[in-house]
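Contents: one structure, followed by commentary.
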Amino acid sequence: MIEYLYLGRLAYDDGLRLQAEIAALRLEGRVENVLLLLEHPPVLTLGRNARRENVLASDELLASRGVTLHEINRGGDVTYHGPGQLVGYPIFDLRSLQNAKGGRLGPVDFVRMIEEALIRVCGVYGVRAGRIAGLTGVWCGPADVALLDQSVAGKQRKIGAIGIHVSRGITSHGFAFNVTTDLRDFQLINPCGITDKPVTSLEREIPEGVSLPALEKMANQAARQFGQVFGQQVRAVESLEALRAHAATKRAMRAEDTPLEVPSEVERLHGDPERPVRA
């Protein structure tokens, strides 16, 4: 089960605190896998591998434009968040998920599945997107469609950035998907430390005659695609208060209470010590 919640615009600090709260509830088994969907005010985030020189703007310029700066524990380099961008924080227990071979899902597989969900969202609106070998994220182009900005025509353009953190099997942070984002704000940084590929948005890439829904409806579409890619039922949660109230009624059952290795006695009973067992 994936429970998803659209929160509208949320301050970045509040988003960090909420992720920590939901991650603790997921670890205790009080909530299902949770997908938080929202947008942030203008903010730059520096991941564990970030280099400060990839922030091109001075502290004074950032302050004058109301852009805050945060150093966080996700993977990746520097990323921009802002209005018109759909941000997703999947708080999932990897031990509840399987890879294509039926084994436990790992962090790399998890990122690939996030990419797939966003690629499918692009496809819903007539935009062809995919991956670039060796790079994380979702990319458009080269394409033969007419773009308003011909300087990026024929180049691979990043539409979705991904960076996650995993602690005790529970994921946090996630993706930033440019829908109607003001792309001029990306001039403040070298996005993800990449200097030779521009960024783009769904608004820029959609075919002529296609219109985009409001961000909340886009969030609903993203949640639907997550359910299909991860093979789980998706349920919309009415509010954060409702999620907390439901969690309060459930008995805590920590994921680590489940043995990660099968006792030898059980292996002998099954007669197949190589048989994968899902914890």
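The values are calculated or read from the model by the stated rules, or taken from the named source; none is laboratory data. For clarity, every value in this text was computed on a predicted model and none was experimentally measured. We place every Cβ from the backbone using ideal geometry, glycine too, and count neighbours over all the protein chains shown. With ligands, DNA and RNA removed, areas are computed over all heavy atoms of the protein, side chains included. Shrake-Rupley method; radii C 1.70, N 1.55, O 1.52, S 1.80 Å.
Across region 10-20, coupling constants 3J(HN,Hα) worked out from phi with the 6.51/-1.76/1.60 Karplus curve, θ = phi - 60°, read 9, 4, 5, 4, 5, x, 4, 5, 5, 4, 4 Hz, and Gly and Pro carry x. Residues MET1, MET113, MET218, ordered by accessible area of protein heavy atoms at a 1.4 angstrom probe radius and largest first, appear as MET1, MET113, MET218. Coupling constants for region 124-133 follow from the phi torsions by the Karplus curve (6.51 cos²θ - 1.76 cosθ + 1.60, θ = phi - 60°), and in residue order they are 4, 9, x, 10, 7, 9, x, 10, 10, 4 Hz; glycine and proline get x. Over all other residues within a Cβ to Cβ distance under 12 Å of ILE159, the charged ones net out to +3, with Lys and Arg as +1 and Asp and Glu as -1.
Here the 3J(HN,Hα) profile of region 63-69, calculated from phi with Karplus coefficients 6.51, -1.76 and 1.60 at θ = phi - 60°, is 5, 5, 9, x, 9, 8, 10 Hz, Gly and Pro shown as x. Computed extension length for LYS101-ARG17: 26.7 nm, one decimal, from 0.36 nm per residue of separation with the Cα-Cα distance subtracted.
Distance between the modelled labels on LEU61 and GLU203, one decimal in nanometres: 2.2 nm (7 Å Cα→Cβ projection).
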